[in-house]
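Rule-based calculations on the coordinates, nothing more; no lab input. Everything numeric in this text was worked out from a predicted model, so none of it was measured. With ideal geometry, Cβ positions are generated from the backbone for all residues, glycine too; neighbour counts draw on all protein chains shown.
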Amino acid sequence: MRFFQNLRLSLLLGTFCLPISAFTQTDTLHLIFAGDIMGHSPQIISAEKVKNKEYDYTPCFQYVKPFLERADLAIGNLELTLPGKPPYTGYPMFRSPDALATALKSAGFDILVTANNHSNDSRALGVRNTAQTLRDLGFLQTGTFKDQRDRDAFYPLMVYKKGFKLAMLNYTFSTNGIPTEAPTIVNLIDTAQIKADLKEARARKPHFIIVFMHWGVEYQLQENAEQRNLARLLIQNGADLVIGAHPHVVQPIKQERVKMPDGSQKEVIVAYSLGNFISNQKQPNTEGGILFQVDLVKNKGASETWVGKNGYVPVFRYIHKAASGKSTYLAVPAAKAERNPDWVEDMSPVARAAMLKFAAGLRKRLTYNELKY
């Protein structure tokens, strides 16, 4: 009785209050990042239905599709070109059918970054057609552009989703010596240009700035000093999250702490390399990669945004060989396949052993949070 008397008195006097947290509502944005999407010749052959005319990559992503669809935004690194016509080729000049992009869209991808060392594999035609095909399919795309006007209009890439405003930037260390033909543009790692672009990104007042870097040394399991130095430069100039690609193997995920120009300290997650999402590479540790989930959180109506739940999901590249001799390349979330041996249809004992070995090695090296699905 005394409680209700005190409550009544508090209400009359205007002194009763609940903790602010009781009224605070938050927005959450679920992001999933995938590694290198490759298009080697055996992959092209496996997807071919009518020679040089009809291709279907849809089966490749059947097992990973439910994971991608859980995300508000699923983002991948498209390390190939879409010239729109034959010849379609794999390494060293990656030219894939547009059907691959169609399958990626069906699988749940929303955004593809395209600045990498294979951006010019189909010359200017490939740069233009890759960008236009992706946009026509409903993707957001950045890193390569049809011309300067295109870059001016769409860079940095601004993404609006569930009350969040994101800025996304993308750069590559090289185009394998193939010059970028005017008027097309491929974003190269140029620190002066990157600083200018990040200044423009900050001026647009996004809730979060994400930078995708195509960097590092192929097949190296650790990031190098150049990657670390670039990561610090990105953070000092406004990056809130850095996602790396190119080594084709998974490199560490680290919390990089950087001293800012005003003397404050800023800590940012840097995923130095997500490895391969799907490919035909056979070198050690290239038979898979990770999906990296990052949840962004902010109070409703506020601008300050922070990283919530985050972690990785191992993904194994399984090559299923049918009795007919036909191969299918499959991106398989390893943990679920480990728990459910019959989940992936007709996975051979040899392939399952390879998956278990890949996942065990990844977990041993990657001292970070593995998400359980």
Exercise for the section: Measure nothing but the geometry: give the 0 to 90° angle between the long axis through the Cα atoms of 123-136 and the longest principal axis through the Cα atoms of the chain, rounded to 10°. Expected result: 50
Handout entry: Globularity ratio of the stretch 64-116, using Cα Rg and 2.2 N^0.38 Å
Key = 1.23
Fill in the blank from the handout: Amide H neighbours of Leu188 at under 5 Å, excluding residues fewer than 5 places away on the same chain, with H built from the backbone geometry, are Thr172
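In the P(r) worked out for the stretch 104-177, what percent of Cα pairs fall beyond 16 Å?
Details: 1416 of 2701 pairs.
For the stretch 104-177, the share of Cα pairs beyond 16 Å comes to 52 percent.
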Fill in the blank from the handout: So, for the Cα atoms of the stretch 302-373, Rg and Dmax in Å stand at 15.8, 58
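Using R₀ = 22 Å, calculate the FRET efficiency as 1/(1 + (r/R₀)^6) where r is the Cβ-Cβ separation of Lys282 and Glu345; round to 0.05.
Working: r = 23 Å, r/R0 = 1.05.
Here the calculated transfer efficiency is 0.45.
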Handout entry: Relative counts (whole %) of C-alpha pair distances in the stretch 227-347, using bins that are 5 Å wide
Key = 2, 10, 16, 16, 16, 12, 10, 8, 6, 3, 2, 1, 0
Exercise for the section: Can you tell me how much longer the chain between Lys266 and Leu125 gets when fully stretched, taken as 0.36 nm per residue apart minus their C-alpha distance, in nm with one decimal? Expected result: 46.6 nm
Handout entry: Gain in span if fully extended, Phe154 to Arg202, counting 0.36 nm per residue against the direct Cα distance
Key = 15.8 nm
Handout entry: Charge dipole magnitude, Cβ of K and R +1, D and E -1 - the stretch 26-365, Cα centre, debye nearest 20
Key = 360
Completion exercise
Which of Lys65/Lys372; Lys105/Lys364; Lys205/Lys309; Lys199/Lys266 exceed 22 Å between C-alpha atoms? The answer is Lys105/Lys364; Lys205/Lys309
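Quote to one decimal, in nm, the extra length available between Lys364 and Thr58 on full extension: 0.36 nm per residue of separation minus the C-alpha distance between them.
Details: separation 306, 0.36 × 306 = 110.16 nm, distance 3.20 nm.
Using 0.36 nm per residue and subtracting the Cα-Cα distance, I get 107.0 nm.
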Exercise for the section: Per DSSP H run of at least 4 residues, take -39500 (n - 2.57); add these up for the chain, divide by its residues and hand me the 222 nm value, nearest 500 deg cm²/dmol. Expected result: -8000 deg cm²/dmol
Problem - 3J(HN,Hα) from dihedral phi, the stretch 356-373, Karplus parametrisation 6.51/-1.76/1.60, rounded to Hz, x for glycine, proline - result: 4, 5, 4, 5, 5, x, 5, 5, 5, 7, 8, 7, 8, 6, 8, 7, 9, 10
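What number do you get for the chain when its Cα radius of gyration is normalised by 2.2 N^0.38 Å, N = residues? Walk me through the numbers on the way to the answer.
Details: Rg = 22.7 Å, N = 373, 2.2 N^0.38 = 20.9 Å.
Normalised Rg, Cα atoms only: 1.09.
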Problem - Cubic angstrom per residue, convex hull over Cα atoms of the stretch 87-240 - result: 133
Completion exercise
Partner aspartates and glutamates whose C-alpha sits under 17 Å from that of Lys259, ignoring same-chain residues fewer than 8 away, are Asp240, Glu267
Exercise for the section: With a point put 7 Å past each Cα toward its Cβ, work out how far Leu371 is from Thr28 in nm, to one decimal. Expected result: 1.1
Exercise for the section: Mind checking which aspartates and glutamates have their Cα closer than 13 Å to the Cα of Lys321? Skip sequence neighbours fewer than 8 apart in that chain. Expected result: Glu345, Asp346
